[in-house]
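What follows is one structure encoded as structure tokens, with my remarks underneath.
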Amino acid sequence: MNAQTKRAADFQFKNTNRWSTKQLVTMALMCAIASLLSFVQIPLIPGVTFLTYDASLMPAMVCGFAFGPGAGITVGAVAAIIHGLILGEWVGSLMNICAAIFFVLPAALVYRAKRTLPFAIGGLVLGVITAALGAILSNLTIGVWFWYGTPDAILPLMLPAVIPFNLAKGALNAVLTVIVYKAVSNLIAPEKAPAKGSAPEKASAKAQ
């Protein structure tokens, strides 16, 4: 290595970003999609108008499967914040951020352990359950503190409305995640490095 090459090497900096440019662009796109989906709200429980379903957690879960739980939670949180800023519903945004954490984190961790369909489905089932439990916790803490004023206002609705709604919401998001992720995984999932001794590596060695 000559002196000029050595000086150039001294000024090279290692990229310490956790996510690549492709991942960041994909996450930004998923944030935009999730934000739009958050405004398409569908009531699932008759007579309970404050419980409406939207598919905004599906893009978050897709990113969680593709890039890990941190990316998925980030997409879900950013979409919730954007929704809250537009409508001025910061309490709802906080509860949606909690929903993203409870839904995405366990499912993405399970799928990261082994990237197969059974592990994806198992992770999503776990995510649906933890999201429903998280909804109970959020309603009894954040909801009571900022909205209901007293637990007596929400406790009678837990079994007939809140729990069934969140289980149905999680199940719908899980089904949508499987469909969408299967369709786009080859486009957005990080490329795997070829294994040592694989055909591409051997071909490269021969070419040298």
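The values are calculated or read from the model by the stated rules, or taken from the named source; none is laboratory data. Bear in mind the structure is a predicted one, so any value in this text is a computation, not a measurement. Cβ placement follows ideal geometry from the backbone for every residue including glycine, while neighbour counts extend to all protein chains displayed. With ligands, DNA and RNA removed, areas are computed over all heavy atoms of the protein, side chains included. Shrake-Rupley method; radii C 1.70, N 1.55, O 1.52, S 1.80 Å.
Per residue, segment 107-168 exposes an accessible area of 54 Å² to a 1.4 Å probe, with every protein chain left in place. Seen from every direction in turn and averaged, the convex hull around the alpha carbons of segment 72-138 projects onto 4.3 nm².
Given a Förster distance of 22 angstrom, what is the FRET efficiency for residue 163 paired with residue 121, based on the Cβ-Cβ distance and rounded to 0.05?
Details: r = 22 Å, r/R0 = 0.98.
The pair residue 163/residue 121 has a calculated efficiency of 0.55.
Each peptide in 101-112, 55-66, 173-184, 143-154 was scored by the mean count of other Cβ atoms within 10 Å over its residues; highest first, the order is 55-66, 101-112, 173-184, 143-154.
Applying 1/(1 + (r/R0)^6) with R0 = 22 Å to the Cβ-Cβ distance of residue 136 and residue 112 gives a FRET efficiency near 0.25. A simple spin-label model places the labels of residue 186 and residue 89 3.8 nm from each other, with each point 7 Å out along Cα-to-Cβ.
Cα centroid separation, segment 35-86 to segment 104-167: 13 Å. Computed in the context of the full set of protein chains, the accessible area of segment 19-172 at 1.4 Å probe radius has 77% of its extent on carbon or sulfur.
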